[in-house]
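Working notes for the structure below.
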Amino acid sequence: MITTHEILEKSRAAGQRLPYNEAAVLFAGAVRLAAASDSTLRGRLVRIDDAGGLHVEGFDEQAPEAEPAYLAPELLSADAPDKNDPKVQVYAAGVLGYELLTGRLAPPPGQAPGPELTGPLGDVVRRALAVDRRERIEDLRELHEEVEEIQPRPPAEGERNILSALRNRLSRPPPEKEALAKLIDKLHQLEAQVAQLGKAQARLEASQRESSETIERFEVGQTRVDRAGRRRQSVVAPAMAVAAFTAAAILAAAWAFGLLAIPARLAPPFATNAPPRPAPEPAEVAPPARDAAVAETKPAPSGSKRAAAEPTPAPAEPKPAPAEATPSPEATAATPATAEAGADAGSEAAADNANADAGLAVGTDAGTAQPAAAPIAPPPPRRQASSRAAMLHALALSQVRRGEDALEQGNAGEALASFRAALENEPTIAVAFRGLGMAYAMQGHDSEAVQAYDKYLRLMPNALDAPGIRRSMLDLKARANAGAKK
């Protein structure tokens, strides 16, 4: 709401005077309301609301006087009447009419108005301002009747329109103040946007911290799983290898010492490549005493030509000795030699078995040798880099969706922050460049929008929206060129 006092102050400050029609309507309305409620008028008590309605507030006689020009001359004397005296009220109404019609301050109490007050309505105001109260109009009701004869009340809607126009014209600040007010409003809007951006940045940083913590927890768990897998593998695989080699060595030693007879057709692979083991010489069995002379043979001299020319005949198979026969010393001496030769062959076979890649083969009923099963290879370690890349990709997609939501709400600043955060997590995500182009275009940054669209098309030249993006780039370039020419 605006008061009549404010209207008069602004018009005087601008060096202007209220149009007669507006001043007369406002004065007639104020007198009408004061007469209806028997109120003493002051400029600060007459108000116009936003809809153009006129209101007169009650006068407080005990309150300090804020507008001494409205005081009647008799109030300054010793026997001053009451401020709500009818003729005192008429004088106050006359002061309001004088200021509205002339645009000047009212003359001091006891001084009659000058020639600036003209016209029929001015004559009524001059009688209301008579210094001698005997010449003054009797009361507000009589003043209202005289004003009504000169300035009839317009229709309610017309009066409201006149007063509303008066209020709107004088409520508007001067051009320089209006420009300053607009600048202040812009600053307030920028401050609000900065605050919103700060809140959005805080939320984004919080989400990034949560994502980083999630990734770290995931990596720690992955590392523990990998360590546990390697521990199980490092315990089981060597144990299986040691058991296989131990079993192979035991079998080789047993075969070498003759405790385990393996036919030639079932011989293991490592035995086929080894040189044939010399057959041990059969132990000589002592003949009975009655055949001792026949059993002895004379060897040929070692230096004779016949012995060198003729091949050495194979030794005859020994005849089985009776159970009670006692072995001769030569046979007893031959037994340790045979055992020693077997031990040497066993050690050679064990060495060949240790260097062989395949395990010991076991014969089947068909007579073919089957190699032992190869040890199970340990599973390859999982790649932590791929898991981190997957997490960063998911985080980048989430930030792109957040930026697209901000674009739908018309918040280009928040959208830019989200798309930039997505590109920090995954620099090659194409949809983030498309969102950057849209946000820059909304803000009027045409060159930045063209650059962002170009990066998007380089990453996805065959995208479904590529033709539309190219048309948008042409429009943005044209607009940027037009702005540069201006």
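Could you size up the charge dipole of the stretch 391-486 around its Cα centre, putting +1 on the beta carbon of Lys and Arg and -1 on that of Asp and Glu, and report it in debye to the nearest 20?
Here the size comes out at about 420 debye.
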| message | Which of rounded, prolate or oblate describes the stretch 409-473 when judged by the alpha-carbon gyration tensor and an a/c cut-off of 1.5? | response | oblate
| query | Of the peptides 9-17, 97-105, 434-442, how do they stack up when ordered by the mean number of other Cβ atoms within 10 Å, highest first? | reply | 434-442, 97-105, 9-17
| note | A correct Karplus calculation of ³J(HN,Hα) over the stretch 63-79, with 6.51 cos²θ - 1.76 cosθ + 1.60, θ = phi - 60°, whole Hz and x for Gly and Pro, returns 6, x, 6, 8, 10, x, 5, 7, 7, 6, x, 5, 6, 8, 7, 5, 9
| request: Starting from the Cα-Cα distance between Glu149 and Leu397, subtract it from 0.36 nm times their residue separation and give me the gain in nm to one decimal. | output: 81.3 nm
| From the phi of every residue in the stretch 386-403, what ³J(HN,Hα) in whole Hz does the Karplus formula 6.51 cos²θ - 1.76 cosθ + 1.60 yield, where θ is phi - 60° and glycine or proline is x? | 5, 5, 5, 4, 5, 5, 5, 5, 4, 5, 5, 5, 4, 5, 5, 4, 5, x
| Ordering His445, His188, His144 from largest to smallest accessible area (1.4 angstrom probe), what's the sequence? | His188, His445, His144
| field | Furthest towards positive pole of dipole, Gly15, Pro81, Val125, structure part the stretch 1-131, Cβ charges | value | Gly15
| request: Compute, for Asp60, the solvent-accessible surface of its heavy atoms (probe 1.4 Å) with the complete set of protein chains present, and express it in square angstrom to the nearest 10. | output: 90 Å²
| request: In debye, nearest 20, what is the charge dipole magnitude of the stretch 117-159 about its Cα centre with +1 on Lys and Arg Cβ and -1 on Asp and Glu Cβ, if you could check? | output: 260 debye
| query | Of Met1, Met460, which has the most accessible area with a 1.4 Å probe, and how do the rest follow in descending order? | reply | Met1, Met460
| request: Given a cut-off of 31 Å, name the pairs among Lys199/Lys477; Lys10/Lys186; Lys186/Lys477 whose C-alpha atoms lie farther apart than that in the structure shown. | output: Lys199/Lys477
| query | Taking +1 at the Cβ of each Lys and Arg and -1 at the Cβ of each Asp and Glu, which of Phe433, Gly444, Ala466 sits farthest along the dipole of the stretch 425-486 towards its positive end, judged by Cα position relative to the Cα centre? | reply | Gly444
| task | Tally up the carbon and sulfur contribution to the accessible surface of the stretch 415-486 as a whole percent, 1.4 Å probe, everything protein left in place. | result | 54 percent
| Among Ile150, Ser171, Ile137, which residue has its Cα positioned farthest towards the positive end of the charge dipole of the stretch 130-175, with +1 placed on the Cβ of Lys and Arg, -1 on the Cβ of Asp and Glu, and the dipole taken about the Cα centre? | Ser171
| message | I'd like the accessible area for Thr428, computed on protein heavy atoms only with a 1.4 Å probe and all protein chains in place. Round to 10 Å², please. | response | 90 Å²
| request: Convert each backbone phi in the stretch 159-166 into a coupling constant with the Karplus relation 6.51 cos²θ - 1.76 cosθ + 1.60 (shift: θ = phi - 60°), then list the ³J(HN,Hα) values in order as whole Hz, x for Gly and Pro. | output: 4, 5, 5, 5, 5, 5, 5, 4
| said: When only alpha-carbon atoms are used, what values of Rg and Dmax, in angstrom, describe the stretch 73-222? | reply: 32.3, 107
| field | FRET efficiency estimate (nearest 0.05) - Cβ-Cβ, Glu205 to Thr246, R0 60 angstrom | value | 0.50
| remark: Carbon and sulfur atoms account, in whole percent of the 1.4 Å probe accessible area of the stretch 40-164, for 51 percent
| task | Rounded to the nearest 0.05, what FRET efficiency do Arg104 and Gln196 give with R0 = 45 Å and r taken as the Cβ-Cβ distance? Could you check? | result | 0.30
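What order do Phe433, Phe419, Phe245 take when sorted by accessible area (1.4 Å probe), most exposed first?
I get Phe245, Phe433, Phe419, largest accessible area first.
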| Virtual spin-label span in nm between Glu138 and Ala14, 7 Å along Cα→Cβ | 4.1 nm
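If R₀ is 60 angstrom, what is the calculated FRET efficiency for the pair Val220 and Ala484, using the beta carbon separation as r and rounding to 0.05?
With R0 = 60 Å, the Cβ-Cβ based efficiency is 0.65.
The values are calculated or read from the model by the stated rules, or taken from the named source; none is laboratory data. Just so it is clear, the model here is predicted, and its values are computed rather than measured. Cβ coordinates were reconstructed from backbone atoms using ideal geometry, including for glycine residues, and neighbour counts include every protein chain displayed. Ligands, DNA and RNA are excluded from the accessible area calculation, which covers all protein heavy atoms including side chains. Shrake-Rupley method; radii C 1.70, N 1.55, O 1.52, S 1.80 Å.
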